[in-house]
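**Student:** Dropping the structure in here first, questions after.
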Amino acid sequence: MIKINHLTITQNKDLRDLVSDLSMTIQDGEKVAIIGEEGNGKSTLLKTLMMETLSNFTIKGDIQSDYQSLAYIPQKLPEDLKNRSLHDYFFLDSIDLDYSVLYRLAEELHFDSNRFASGQEIGSLSGGEALKIQLIHELAKPFEVLFLDEPSNDLDLETVDWLKSQIRKIRQTVIFISHDEDFLSETADTIVHLRLVKHRKEAETLVEHLDYDRYSEQRKANFARQSQQAANDQRSYDKTIEKHRRVKQNVETALRATKDSAAGRLLAKKMKNVLSQEKRYEKLAQSMTQKPLEDEQIQLFFSDIQPLPASKILIQLEKENLSIGERVLAQELQLTIRGQEKIGIIGPNGVGKINSVSQVTATIKYQKRDCSWFYATRLPAKTTIGFITNSLSQQNWRKRGTTEKSNLT
């Protein structure tokens, strides 16, 4: 059990709260999803619940827990794992692993267990494979709470389904971060929603012991109900204020016009009551149902460019083998790519999807006529290519002309 009492997490740099007055109890076996926009403090909250020391944040409140062991898979591959070999990771540093579970998990995840003893560095694996070996490692050791930071990001579809099933069936507590609504719908039974409202200046922390679908439905219904109530309150308040304004205006007019001292005293007394009533209305306005704060919309704009003709052939492959070095990624591949097409490349982790996209990008961008497996048409001189990798540390995304040299490795 984890008991959280009035937890507030403040960023020291700008004194901005990321988590505000969070109080909840996480029962054994509960599946808790932390959701919210990027930069709202989800990973910070996760590490706080793991009792990590965070030097850049001020933590107020109290966390009580009775768990003795945990497993954790971060969003990015830790630096200390990148240069570690698979052999050292699984055999040298992991004396508490249950190897019967380890090899069973490897089989379920279609990861060749013979590679456990290899000297291959973890940093050389694809993003999905690196995540798989962390899943195998962490789930094969004893733990009471499993912490996951966006676990579905790099996994292939089959492994995502496997992970959903694992989370549902294990008896331990799972606390995880995700933006994937399908993943959330099939795994979470409690939602912690971190929001930054009022132009991202004020933290709002919501907790509901509901699955994600019911939470979303409840939130929409509450939003509509509160919006309607706020509108009704505002209309009623506006009518009351308008009536009060007319009364006040009439009293002021009578005061200015009266020449009778006795009548003037009565009007002055009435004006005093009117002004007193005005203060009550100000307090009433503060207690009215407030219009709920909407999530700020992300506005995405693309530059106004002339698209390539839809019929223009960019790349054409005719029963070609796609390979990098001695590794064959695809055999007898037939593919034609035309302007304005949207193409998705899918497949298991580690089969070479990113390498394939890198090759396509390099071929189009740098007109590499020496590629035996590609025919690439020449593009207009001002055509620019964008390329975003799945890892920010590997990303070198700039708009370039077609005359620059390839820098791919």
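**Student:** Would you confirm, using the coordinates I've provided, whether R195 is farther than 30 Å from S126 by Cβ, modelled with pLDDT of 90 or more, of a type in the set (K, R) and not in a helix (DSSP H, G or I)?
**Tutor:** Working: farther than 30 Å from S126 by Cβ: yes; modelled with pLDDT of 90 or more: no; of a type in the set (K, R): yes; not in a helix (DSSP H, G or I): yes.
Criteria not met by R195.
**Student:** Being modelled with pLDDT of 90 or more and among the β-branched types (V, I, T) is the filter; apply it to the stretch 200-241 and report the residue that is surrounded by the fewest Cβ atoms within 10 Å (Cβ to Cβ).
**Tutor:** The residue in question is V207.
**Student:** In the stretch 85-109, which residues are outside any helix (DSSP H, G or I) and touching a Gly at 6+ places or on another chain (Cβ under 8 Å)? Steps first, please.
**Tutor:** Initial filter on the stretch 85-109 (outside any helix (DSSP H, G or I)): 85, 93-98, 109.
Scanning the stretch 85-109 gives a single hit, S85.
**Student:** Name the single residue that is modelled with the highest pLDDT among those in the stretch 306-324 being polar (S, T, N, Q) and assigned to a loop (DSSP other than H, G, I, E, B).
**Tutor:** Keep residues of the stretch 306-324 that are polar (S, T, N, Q), which gives 306, 311, 316, 321, 323.
Cutting the leftovers down to assigned to a loop (DSSP other than H, G, I, E, B) gives us 306, 311.
On the way: Q306: 75, S311: 84.
Ranking the qualifying residues of the stretch 306-324, first place goes to S311.
**Student:** Mind listing whichever residues of the stretch 125-166 are buried (at least 20 other Cβ atoms within 10 Å of the Cβ) and among the β-branched types (V, I, T)?
**Tutor:** I133, I136, V145, T159
**Student:** Still on this structure, please answer the following. Restricting to the stretch 51-106, name every residue that is free of Cβ contacts under 8 Å to residues at least 40 places away in the same chain, among the polar types (S, T, N, Q) and surrounded by 15 or more Cβ atoms within 10 Å (Cβ to Cβ).
**Tutor:** Passing the criteria: only S85.
**Student:** Hey, could you check the stretch 17-48 for residues that are more than 19 Å from the chain's Cα centre (by Cα) and not aliphatic (A, V, I, L, M) and say which is surrounded by the most Cβ atoms within 10 Å (Cβ to Cβ)?
**Tutor:** Kept after step one, since they are more than 19 Å from the chain's Cα centre (by Cα), are these residues of the stretch 17-48: 21-30.
Add one more test, that the residue is not aliphatic (A, V, I, L, M), and what stays is 21, 23, 25, 27-30.
Details: D21: 14, S23: 13, T25: 13, Q27: 13, D28: 13, G29: 11, E30: 19.
The residue in question is E30.
The values are calculated or read from the model by the stated rules, or taken from the named source; none is laboratory data. Please read these numbers as outputs of a predicted model, since none were measured by experiment. In this analysis, Cβ positions are derived from the backbone assuming ideal geometry, glycine residues included, and neighbour counts consider all displayed protein chains.
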